[in-house]
Amino acid sequence: MDVEFQHISKHFGSVSALTDVSLTAHSGTIHGIIGENGAGKSTLMKILTGYQSKSSGTILIGGQDVKLDNPRQAARLGIGMLYQEPMDFPPLSVLENFSLGTPERKDQKLRLALLSLATRFGFHLDPDRCVGRLTVGERQQIELLRLIHCKTRILILDEPTTGISPAQKEVLFPALKRLAADGMTILLVSHKLEEVASLCDELTVLRHGRTTHHSAAPFYLPELLTAMFGAIPEQTDKIPKRSTGEPILVLEDVEAAGERLGLQQCNTIVTEGEVIGLAGLDGAGQSTFLRLAAGLTTPIEGTVKLFGENLPRTINASLQAQRLKTSFIPADRLEEALFAEISISDHFSLRRSGNTFWHSTKTSRRLTQEAIAQFSIKGQAEDAAGDLSGGNQQRLLLALLDPQSRLLLLENPTRGLDIRSGQWVWNYLRSELSPETTIIFSSPELDEILYYSDRILVFHDGDIVLDSAILNTSHDVIAAAMMGMQEQ
Amino acid sequence: SDEFIFGLLMVGPSNDHGWSQAHFEAGKEIEKHIPGSRMIYIDKVNPADRPGVTVPFLVDDLVSKGARLIIGNSDDMTDGIREAAMLHPDVKFIHISGDDALNPKSPENLSNLMGKMEYGQMIAGFAAAMTTTTGKIGYLGPLINDETKRLAAACFLGARYAWTSVLKKDPADLSFKVSWIGFWFNIPGVTSDPTQVAKNFFDSGADVVISGIDTTEALIVADQKKKEGAAVAAIPYDFQGSCNAAPNACLGVPYFNWVPGYTHFISKAIADSWKKEWLWLGPEWTDMNNSMTSSIGFQIGKALSGEIQAQLATFVKGLGDGSISLFSGPLNFQDKSVFLKKGEIATDMQIWNLPQLLEGMEGASQ
Amino acid sequence: MKNLSGAKLTERAAFDILLGSILVLGFTALILFITGAPVLAAFQNIWLGAFASTTKMSQVLSVWIPLILCACGLLYTFKVNLWNIGIEGQIIMGAIFAMAALRVPGIESPLLRLFLAFLTSLLGGGIWGLLAGLLKTRGGVHEIFGGLGLNFVAQGFVLWLIFGPWKRPGIASMSGTELLGRELWLSTPPGWRMATAGLIIAISVIIITWLLLEKSHLGLNLRAVGQNPRAALLYRISPENYYLQSISIAGACAGLAGFLQVTAVYHRLIPSISSGYGYLALLVVLLAGYRIMLLPFLALFFASLNVGAVQLPIVLQLDSSLSGVIQGCCVLCALFILGIRQRRRQS
Amino acid sequence: MIGDLSIPVLIASVLTASAPLIIIALGETLTEKSGVINLSLDGVVLFSAMAAFVIARQTDSLLLGFLAGGCAGMFTGLIVGYFSIYLHLTQVAVGFALSLLCRDLAYFLGNPYSRVQGPTLLATKLPFYDSLPNSLQVVLTQPPTVWIALLLIFLFYCFFSFSKAGLSLRSVGENPAASFARGLNPGRIQMTAVLAGAFLVGLGGAAYSLSLKPGWGRPQGAEGIGWIALALVIFGGWHPIRVALGAMLFAFLQVSGIGLQNLFPGVPAQVFQTAPFPLMIFTLVLMHFSTGNTRKQDYSENKTQGFAGKLFLSRAPKALGKNYKQE
Ligand SMILES: Nc1ncnc2c1ncn2[C@@H]1O[C@H](COP(=O)(O)OP(=O)(O)OP(=O)(O)O)[C@@H](O)[C@H]1O
Ligand SMILES: Nc1ncnc2c1ncn2[C@@H]1O[C@H](COP(=O)(O)OP(=O)(O)OP(=O)(O)O)[C@@H](O)[C@H]1O
Ligand SMILES: [Mg+2]
Ligand SMILES: [Mg+2]
């Protein structure tokens, strides 16, 4: 059944996420939708599933105008969506997650359905396991199976491959092609151009909430890039860093709880001036590693030595780490690093608390103005941090960084950033900071790691399975390591 | 003005079928038969019901409304009344159940009034012991102080007299258990729940419960149990009408009649012949239920059988003419120490501040 | 609302207040009507009961003082998103500690003894607050339930003291411990029922609180912790630390209230020494929307309701709890209007 | 023997005393499972107790009395629900204010009826009463509320563990946004849960003024119970059976307080009365440490599956107290 968007617009208060978007996805095809962050992709999809309401425009399903006020109505029409951020119930069991939203009542029937579908797609799921302990990838798998089980005829996938291994892609993509061939309409949202190009029959590019490009396979990538970013972003060339070889972070057979399996038996030495990339499927242990170094989690076994000092096993660990000029920027900025309702300038006074007893609005106001100028943050000093865009939140965090930091811990520093902002961030990190500054960062993008780091640690199920200098390893070796396959 | 306004501070609700209502009704009575007198009152004067409101503040208010005599009806108002008496030397104060007036240093405008309820309690105990078949009597006591110990003891003596001298049974077979709830009425989270206590009494074999508290829980529970088919009864306290709460389960009620006391003081105040007094009034033996003269009465209840009523009458008569005097030796305290030697008869003062419960009674003494 | 002009704001606020009062009065009138009570007379008596004479006004102030003290304390805990329901217990503990200090033998000068009591009451309330804080940070018990538990403990403790070790010679009774010697009563102006010292303490606490919360880093840090504890850690602000600090300060303020209840109002320790002012203060702060500027006035309003309502039983034979009805109603209506406003702004 | 209470008497009074508390606590469990905290319990219990007694007295019908109690509760539930679900106001604030309002409203409206006689729900003899041994007779002669409470425990357990509706309710409590995406209507489900829960709370209140502590008065005797019920829900880890057990434990502490009085004459009665409340609250602390720091172990591992496992696992619904704004 064809899906036809006609002149769709969507405003969030002052923000207009979509303006006059029109496109048609034909049944039996896979229709790709791409665009930089915040282009409006997810919003458009959420409107189709009735999760969000459109401000104006009409949607035609199989030719006739339909009312989509809530997901229930959409589901009745056979529309199902795999959301970008997992929409499930971590505390409930896999089976319960699978059964919610299906009309089916019989537990046994559902169990069988789940298992058979799982085997068909090569997923390994334990129906009684609690979803909270699964990776994002596995959670997306459950969703996908559920949607297929619910006889979805219009399938929407918003960034489905974030947590899915290459191996599973091998299974998933053909399966999708087959589903499409069976007459299903598939809308695929993704940042990964190669994937989209290889999978889709048609492509639509969104930019600032408008359709800027539409084409059918085969696709010409440069063309797409221009449509997405206006101009093809230029690569900045690599600036060599100087490592003094002096050890600053030492983990001695550390064992820690966190993510899924935490970390086991982790031994590493980080020397000053290095830039280290942490690779691995999400939940493999990278963020636990970063938080250990930042003193935010304390090891169950072993010791973490920072600049020669052992971190205590208390909450103060992080305070001490910061005293030792270690800075940590988490991936989820609003959740972990910013105060949504506190103004930008107050963030700066918070930084400076402890210096004086009374806080002077004047000083922090001045600092803020400078920072906003220097980091080109799109916002006013008195704006609440929560109203900033993802990219600008990241800029704010960098502005708040202590410039004297000797160890930088960055969790997925370019998360939610378009290529341009991403490059801006790296330029800042590598040029503005002193070359002795050590940087440890994690990223789901192998290319980012390969390009920016001198050394790589690959995590798999809580173990460091590969530790080598970038120069003497390769994309394939790393990918294999991430899957837990030892290179022979 | 020719109108004489007197203010009444009641510790409980004016409709509690108990202590406070007894005062309230007395006040209404006074309004009737002392011309020109008018009552203004505040009830529930206790920190639980009126957080943050102090007795002096309320007295201020009553005085500002023209009250020239203030009655405080609770032992708990001791300090408040004393303080208020100092703040308003030109206003007369009656404090019920205190003994400030015995203290020479206390202000001249403050007198005390109390009724000799031990007689009422003796009769109550008598009625209970005559009625019980299991020989188990429960006494629902308020907080522990000299007055309440005194009353419980009196009640016990009445019961023991009935058990041994009238029914000629072995004193060992009479169980008289006192359970203190912690205050004159239920304050959740502070006092034991009287309903619960009464239930436990009945559940553990007692078939008559005597209430020493201001409210009628014991009677209500008894009524409930009776409806459920158990042969039980209860004796409320304080107020002549309290049987009405559940007539069928009520053996009778020993009650205060404050009219004589009030009349005494108020007429003195009006006649400007007030002097500081400590008044402890007893029953009118010839007619206990005479509302004008008898300060202590016993209202017979539906549940009390005919012949027991007769025996009760003789008992009362005996008390009246002194042929029966129960606070007389030999009597031992709970801890077996001697209270009265053989032939010795307790003085008012000995009774007024009784140090502990008597031998034969179960329950805490302090 | 940052994009609104000041004039518009005040206009809107005025409208809200009007609407709110109409709702409250309407509801209360309805209640009175149901019970068949004279509506106007009721309101009139409450008013007269609170403001008819200087004595009454001073009585209102003597309620206002503990109320404002607790309310100020609660501002600190609300900043960090703690629901310090344990404030009742903190008042009681302050009172107990004050009493304990006053009972210390061997100290002659009344002034010294009072000062000692003043300090210990701070300590007592503070400790009790700290305990609730520790229950939350270390014991993982939500502060509401930790606080309630501690309230009951304090309640039991004070009863035990009054009926046990500190019982008055002769009989123990609900009327509390023996009266303090006159020299230990905080002096009140002739004809008044309110201690001047109390007023001074209350006002200075308001000022200090304003300075700390609005002008010092403490205020901002508390706010940060309240909004996002995890992030606070990255700004060298230890959330646990500030939870404990704020709730101890709140406890100390409540303790002061306890001190004044003992030395200025009851002149002895009674079982219900806290008089429910803690809970009332929570309402005041909610109604004020956590804004310190409004606190004194709203506290005065609530206090006058409390005092005025005593007239209801005397004059109209109504239960004085009508004041509580009005107070609770005010808060709900305020919340209601707030909710409607937010709703408007979204759509 | 606790003090002077024989075991059967003790069991009997524990059952009687715990019945209303169980009903109230289960009601709150239902509400909280859907992600809404109804903090107004303490006032609502009194309010519904008052309503129940007044109506029962006026109409001289116990049934109408209980119904009135339930409806009174439901009405307050409507306020909590509307304010938190549709106006997105802080649930705790609304609940607290409402709690005090309801309490005073109850005292005010109930004033004319304080300490007057009204109909009371009596304990009923079982059909085969006389064939029972004496001790059992004592234990099993109970007012209907007890049997209702016990039945409710069972029903709740089945509802949450096995029914589809129960699953939907839980899902809303865990992640409303997701259940909306699955085609459920979180707002409506939460509202239903709040109303139903409040209705039960109202019934519990009625059970106080019509059966356990017959009559109305200030104080009535149900004061503080609402707070305990709220604590019980946490204590019970949002699991109906454990909540009920908690309620019985509380009743036991309260009842034995009376018995203990004679064991320790030195200790004033008042202390025994306050004891159960803190004891209740502080078992929460023990719970916390026994189940291990909840902040660390986030989700149940396979071992905690199955009845016993679930019984000892305690975790708050993820979205508890957070208002869900539909986009
Ligand atoms: N709930 C919301 N409130 C306000 N603005 C929103 C909301 N959701 C989305 N937006 C804005 O709408 C625009 C489109 O967002 P959307 O999530 O559709 O982008 P996207 O293309 O999915 O980006 P990404 O690639 O990061 O997923 C962005 O500017 C975003 O800030
Ligand atoms: N919840 C919100 N409330 C108010 N304004 C918002 C909100 N979310 C986003 N905005 C505004 O919408 C605009 C776009 O925000 P958004 O987060 O979509 O940026 P973006 O397109 O994702 O850019 P980035 O790639 O940096 O994330 C920004 O100006 C931001 O201020
Ligand atoms: Mg998106
Ligand atoms: Mg974005």
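Each value in this text was obtained by applying a stated rule to the coordinates, not by laboratory testing. Because the structure is a prediction, the values reported are computed rather than measured. Neighbour counts run over all protein chains shown; Cβ positions are idealised from the backbone, glycine included.
Summary table
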{"read-out": "Evaluated at q = 0.12, 0.19, 0.28 Å⁻¹: base-10 log I(q)/I(0), Debye formula over Cα of the stretch A:263-336", "value": "-0.33, -0.87, -1.61"}
{"read-out": "For the stretch B:319-366 and the stretch B:233-254, distance of Cα centres in Å", "value": "27 Å"}
{"read-out": "More than 66 Å apart - percent of Cα-Cα pairs taken over the protein assembly as shown", "value": "22 percent"}
{"read-out": "Chain B, relative contact order in percent, only Cα pairs under 8 angstrom and at least six apart counted", "value": "17 percent"}
{"read-out": "Residue-averaged beta-carbon neighbours from other chains (10 angstrom radius) around C:214-226", "value": "4"}
{"read-out": "Percent RCO, i.e. relative contact order, over the stretch C:54-339, from Cα pairs under 8 Å lying at least 6 residues apart", "value": "36 percent"}
{"read-out": "Over 24 Å between alpha carbons, listed pairs B:199/B:227; B:32/B:92; B:149/D:213", "value": "B:149/D:213"}
{"read-out": "Alpha-carbon centroids, the stretch A:129-164 and the stretch B:34-104: separation in whole Å", "value": "76 Å"}
{"read-out": "Distance histogram in 10 Å bins (all Cα pairs of the stretch D:135-286, percent per bin)", "value": "9, 30, 34, 18, 7, 2, 0"}
{"read-out": "Test item: B:52-61 mean partner chain Cβ contacts at 10 Å", "value": "6"}
{"read-out": "Backbone HN-Hα couplings from phi across the stretch B:168-184 [Karplus 6.51/-1.76/1.60, Hz, Gly and Pro as x]", "value": "6, 9, 6, x, 5, 7, 9, 9, 10, 10, 9, 10, 8, 8, x, 7, 6"}
{"read-out": "Cα-only radius of gyration and Dmax that characterise the stretch D:1-58, units Å", "value": "15.8, 44"}
{"read-out": "Projected area averaged over orientations for the stretch C:121-258, convex hull of C-alpha atoms, nm²", "value": "11.1 nm²"}
{"read-out": "The stretch C:170-276: relative contact order in percent, alpha carbon pairs under 8 Å with at least 6 residues between", "value": "40 percent"}
{"read-out": "Order of D:170, A:210 under a 10 Å beta carbon neighbour criterion, fewest first", "value": "A:210, D:170"}
{"read-out": "Distance-filtered residues of the stretch A:361-398 - backbone nitrogen under 14 Å, label point 7 angstrom along residue A:14 Cα→Cβ", "value": "A:378-389"}
{"read-out": "Cα-based Rg and Dmax for the stretch A:53-133, where Dmax is the largest Cα-Cα distance (Å)", "value": "15.9, 44"}
{"read-out": "Exposure proxy ranking, count of Cβ atoms within 10 Å, fewest first, for A:150, D:102", "value": "A:150, D:102"}
{"read-out": "Unsatisfied cross-links (Cα-Cα over 22 Å) in the set B:44/C:167; B:44/B:225; D:33/D:322; A:305/A:325", "value": "B:44/C:167; B:44/B:225"}
{"read-out": "Convex hull of Cα atoms in chain D, direction-averaged projection (nm²)", "value": "18.7 nm²"}
{"read-out": "Tilt relative to chain B, helix B:19-33 - C-alpha long axis, 0 to 90 degrees, to 10", "value": "50 degrees"}
{"read-out": "Of the chymotrypsin sites (Phe, Trp or Tyr not before Pro) in the stretch A:274-361, those whose Cβ has at most 15 other Cβ within 10 Å and which sit in DSSP loop", "value": "A:357"}
{"read-out": "Electrostatic dipole magnitude of chain D [Cβ: Lys, Arg +1; Asp, Glu -1; Cα centre; debye, to 20]", "value": "660 debye"}
{"read-out": "Volume of the Cα convex hull of the stretch C:21-123, divided per residue and given in Å³", "value": "172 Å³"}
{"read-out": "Largest-first principal axis extents of the Cα set of the stretch A:3-229 (Å)", "value": "47, 35, 32"}
{"read-out": "Ranking of C:8, B:116, D:33, B:336 by count of other Cβ atoms within 10 Å, fewest first", "value": "B:336, C:8, B:116, D:33"}
{"read-out": "Estimated inter-spin distance, residue A:366 and residue C:12, nm [label 7 Å along Cα→Cβ]", "value": "3.4 nm"}
{"read-out": "Share of pairwise Cα separations in the stretch C:54-339, more than 25 Å, in percent", "value": "47 percent"}
{"read-out": "GluC sites (Glu not before Pro) restricted to the stretch B:1-104 and DSSP loop, no more than 16 other C-beta within 10 Å", "value": "B:3"}
{"read-out": "Hydrodynamic radius of the stretch A:337-401 per Kirkwood, over alpha carbon pairs, in Å", "value": "11.6 Å"}
{"read-out": "Reciprocal of mean inverse Cα separation for chain A (Kirkwood radius, Å)", "value": "24.3 Å"}
{"read-out": "Among A:64, C:238, D:15 the positive-end extreme of the charge dipole of the protein assembly as shown (Cβ point charges)", "value": "A:64"}
{"read-out": "Disulfide-incompatible cysteines by the Cβ rule (no partner under 4.7 Å) in chain B", "value": "B:155"}
{"read-out": "Per-pair calculated FRET efficiency, R0 = 51 Å: residue C:47 and residue D:86 via Cβ, rounded to 0.05", "value": "0.90"}
{"read-out": "Environment charge at residue A:228 (Cβ cut-off 13 Å; Lys +1, Arg +1, Asp -1, Glu -1)", "value": "+2"}
{"read-out": "Diffusion coefficient, µm² s⁻¹, Stokes-Einstein with Kirkwood Rh over alpha-carbon pairs of the stretch D:34-174 at 25 °C and 0.890 mPa s", "value": "138 µm²/s"}
